[in-house]
Amino acid sequence: MVVEQFEGDLAEFIDLFHESTGLDDREAVEKLIAIEVTKGTNYGVIRDGDTVVGMIGLYLDPVPGVRDLDPAQVIDLAVHEDYRGRGFSRLLMDWAVKRARAADQTWIWLYTGSPGYTVDVYKSLGFEVCGINENYWGSDGSRVWLRRQINELPTS
Ligand SMILES: CC(C)(COP(=O)(O)OP(=O)(O)OC[C@H]1O[C@@H](n2cnc3c(N)ncnc32)[C@H](O)[C@@H]1OP(=O)(O)O)[C@@H](O)C(=O)NCCC(=O)NCCS
């Protein structure tokens, strides 16, 4: 499987956006997609035939010289449930890391919802927890920030 940069209408795989955001509301998800398009977030996808079965977004601060103020952000990672557990999210993250390195980024960061399995997934993908807000979503749970240094060669 390969990751390719997606060019087209992100709504083609809106089901994956529902998964990554945890939102059922289609209008809300469409607005979030529109925001990422406006920002210039790039999406890498994995396809099975014509169907997109995995996606990841990478936002690079477009303002040269102040990049360190706003490191690269990974957003909207999701793999279709029938394709999970096969290393697809690792492939997608590798794609994002490669692009961020090519843009001279030192760190990538992301946030996720309540500490649950996604925090473990990101730790497996080389991230460390760098912040937790226990009540970010009130009774719906916490927000966890994670980051990964990407300008070092692997130690093994
Ligand atoms: C999170 C998600 C993208 C993982 O995708 P995946 O393709 O199944 O993940 P991979 O097979 O590439 O696994 C990557 C690593 O995470 C680990 N991992 C995967 N699922 C896990 C789980 N449920 N619990 C703990 N670790 C898990 C794997 O063991 C692997 O680590 P390893 O190589 O050290 O063994 C997928 O479960 C998903 O789409 N979930 C719904 C959307 C979502 O919550 N996205 C995140 C929003 S912040």
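The values are calculated or read from the model by the stated rules, or taken from the named source; none is laboratory data. The structure presented is a predicted model; accordingly, all values stated were derived computationally and were not measured. All Cβ positions, glycine included, derive from the backbone under ideal geometry; neighbour counts span all protein chains shown.
Which of the following residues is surrounded by fewer than 17 Cβ atoms within 10 Å (Cβ to Cβ) and either modelled with pLDDT under 95 or assigned to a helix (DSSP H, G or I) (or both): 68, 61?
Going through 68, 61 in turn, the sole match is 68.
Specify which of the listed residues (108, 33) is more than 21 Å from residue 150 (Cβ to Cβ) and among the aliphatic types (A, V, I, L, M).
33
When you scan the range 87-98, how many residues do you find that are under 24 Å from residue 15 (Cβ atoms) and in contact with a strand residue (DSSP E or B) (Cβ under 8 Å, 6 or more places away or on another chain)?
7
Suppose we filter 32, 16 for residues that are touching a residue at least 60 places away in the same chain (Cβ under 8 Å) and at negative phi; which single one remains?
Only one candidate qualifies: 16.
Test residue 132 against the stated conditions and say whether it is buried (at least 17 other Cβ atoms within 10 Å of the Cβ) and either without any contact (Cβ under 8 Å) to a residue 12 or more places away in the chain or among the hydrophobic types (A, V, I, L, M, F, W, C) (or both).
So residue 132 fails the test.
Residues are listed down the side, and each one gets a yes or a no for (1) surrounded by 18 or more Cβ atoms within 10 Å (Cβ to Cβ); (2) under 30 Å from residue 104 (Cβ atoms); (3) within 14 Å of the ligand (Cβ to nearest atom):
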site: 17; (1), (2), (3): yes, yes, yes
site: 20; (1), (2), (3): yes, yes, yes
site: 29; (1), (2), (3): yes, no, yes
site: 41; (1), (2), (3): yes, yes, no
site: 51; (1), (2), (3): no, no, no
site: 56; (1), (2), (3): yes, yes, yes
